[in-house]
1. Using the Karplus curve 6.51 cos²θ - 1.76 cosθ + 1.60 with θ = phi - 60°, what ³J(HN,Hα) values do you get for each residue of region 368-385, in whole Hz, with x for Gly and Pro?
2. Would you kindly state how much longer the chain becomes between THR437 and HIS336 on full extension, computed as 0.36 nm times their sequence separation minus their alpha carbon distance, in nm to one decimal?
3. Taking Cα pairs under 8 Å and at least six residues apart, what relative contact order does the chain come out at, in percent?
4. List residues of region 158-198, by number, whose backbone nitrogen lies under 14 Å from a label position 7 Å along Cα→C-beta of LEU13.
5. Can you tell me how much longer the chain between ARG454 and ALA386 gets when fully stretched, taken as 0.36 nm per residue apart minus their C-alpha distance, in nm with one decimal?
6. As an exercise, find the ratio Rg/Rh for the chain from alpha-carbon atoms, using the Kirkwood inverse-distance average for Rh.
7. With an 8 Å Cα cut-off and a minimum separation of 6 or more residues, compute the relative contact order for region 380-458 in percent.
8. Quick check: from the Cα gyration tensor, does region 160-218 come out rounded (a/c under 1.5), prolate or oblate?
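Derivation of every value follows stated rules applied to the coordinates shown; laboratory data play no part. On a predicted model such as this, the values are computed, not experimentally measured, just so you know. As a convention, Cβ positions derive from the backbone with ideal geometry for all residues, glycine included, and neighbour counts pool all protein chains shown.
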Amino acid sequence: MTVEQAQEYLKELAGWELLDGKKIAKEFKFARYLDGIAFAQKVGALAEEEGHHPHIHVFYKKVRIEIWTHKIDGLTESDFILAAKIDDLTPRPPSRIEKGEGLGERARWPGVYAHYRAFLPAIADEHIVTLLEGNTPLVRARRLEERFNLPCELYLKLEGANPTGSFKDRGMTVAISQAKQSGARAVICASTGNTAASAAAYAARAGMRAFVIVPQGQIALGKLAGSMTYGAQVIQVQGNFDQALAIVRQIAEEYPVTLVNSVNPQRLEGQKTAAFEVCDVLKRAPDYHALPVGNAGNITAYWQGYCEYFSSKQIAKRPVMLGFQAEGAAPIVLGHPVENPQTVATAIKIGNPASWQGALQARDESGGLIATVSDAQILEAYQLLAQLEGVFCEPASAASVAGVLMLAQRKYFESDSLVVCTLTGHGLKDPDTALATASAKPITVRAELNEVLRAMGL
Ligand code: F0G
């Protein structure tokens with residue numbers, strides 16, 4: 001490869017230098033002589049496994065590695081891949097948080113993978129990519145209960161409190177960690193926006209490239225802004241989510257890029273931890289769990305989580321699962337794909353969900369239902385959540401509460417039941433809908449006391 005190409009590859013690595021345009025080298029320093037020797041041995045074992053022949057020079061408390069492809073006396077991509085894998089071997093001293101030193105209780109939350117490791121696929125510590133997602137608030141919605149005279153206790157699981165503002169981070173930490181462990185350098189997803197932002201953030205943290213394919217003009221502003229700022233390559237297709245998903249599935253089959261949509265089972269593994277958290281906080285399962293349904297990964301994952309907690313005897317019974325689709329994007333309720341889905345809740349504007357079967361299984365095994373709510377019902381719940389509970393979620397999230405209010409009106413819930421609604425994403429994701437639907441618009445006045453008082457009605 002040319003020197004320019006080599007320099008381009010080096011940008012993705014830290015501390016490696018180019019020698020004569022045909023080798024890369026790095027020095028690793030150690031606190032103890034024996035640590036250096038142990039590291040050199042690990043590099044040797046890795047090189048043997050990979051059939052590669054780096055030079056490993058051991059000095060006092062220092063190891064120098066030089067890599068090149070001997071056959072051509074120059075560099076190939078495999079040299080850079082080996083360098084990245086060697087970097088992953090370096091023992092990093094635990095941070096103050098990891099040691100739990102001098103920090104409060106809350107700082108001990110290690111992220112969903114470390115907390116629920118026993119229920120998750122095995123991934124080595126050094127590959128875990130986390131933003132300490134999870135441990136999101138479960139808040140009681142007393143004012144909504146009172147306003148609607150609900151016979152049940154209503155709780156809201158605030159998934160917008162995750163690091164990128166949606167529940168997707170739970171699945172993404174597991175999917176990206178797994179991708180890192182298997183040596184992936186790039187990930188791809190199709191998205192209505194939240195998966196894109198989450199994949200972009202976790203890929204950035206893992207030092208991987210992210211390609212996110214979104215339906216042009218149909219994703220909320222905060223999601224696009226996040227994806228772009230995290231450094232993903234955003235590709236907008238002139239079509240809908242379902243078309244974008246079909247394209248990325250094909251690309252992931254033919255090219256070396258890992259698919260991180262929820263068809264990747266690691267995503268659901270991570271997302272099921274939300275069900276664990278609900279049970280851990282309540283010390284039981286709820287009687288009903290309500291969720292918005294788009295691509296249907298989340299309802300599938302929650303049900304998987306509840307079933308696993310049930311079979312490992314953490315809970316004595318499982319909840320009834322309630323899924324809600326937007327009226328104009330309700331393939332599961334209709335029983336056939338929707339060619340041209342329409343709804344104000346762009347996150348769930350999906351006509352042919354990938355986890356369709358999983359959603360049906362969750363519904364049928366739990367004795368639940370999947371129903372539709374209209375855009376008007378969604379927006380009403382969206383306003384009520386903000387104004388009665390101080391919870392600003394995105395429109396799709398409010399579908400869960402809209403659905404529960406609709407069922408309550410039909411006397412669906414028996415008294416004293418416990419209902420949890422997942423609010424999947426933060427309201428700031430979609431400022432356009434917030435501004436367009438807010439009932440109280442700002443009043444503009446001159447910067448004078450009297451004018452402000454008058455505007456206040458005083
Ligand atoms: N709520 C929000 C805020 C979402 O972003 C999504 C899905 C859902 C609900 C539905 O979850 O697909 O598992 O049934 N968003 C995906 C995305 C499709 O690309 O961000 P689901």
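1. Once θ is set to phi - 60°, the couplings for region 368-385 become x, 8, 10, 10, 9, 10, 7, 4, 5, 5, 4, 6, 5, 5, 4, 5, 5, 4 Hz.
2. Full extension from THR437 to HIS336 adds 33.2 nm.
3. This gives 13 percent for the chain.
4. Under cut-off, by backbone N: nothing.
5. Net length gain for the segment: 21.9 nm.
6. Radius of gyration relative to Kirkwood radius: 1.04.
7. After rounding, I find 28 percent.
8. Oblate, since a/c reaches 1.5 and b/c is not below a/b.
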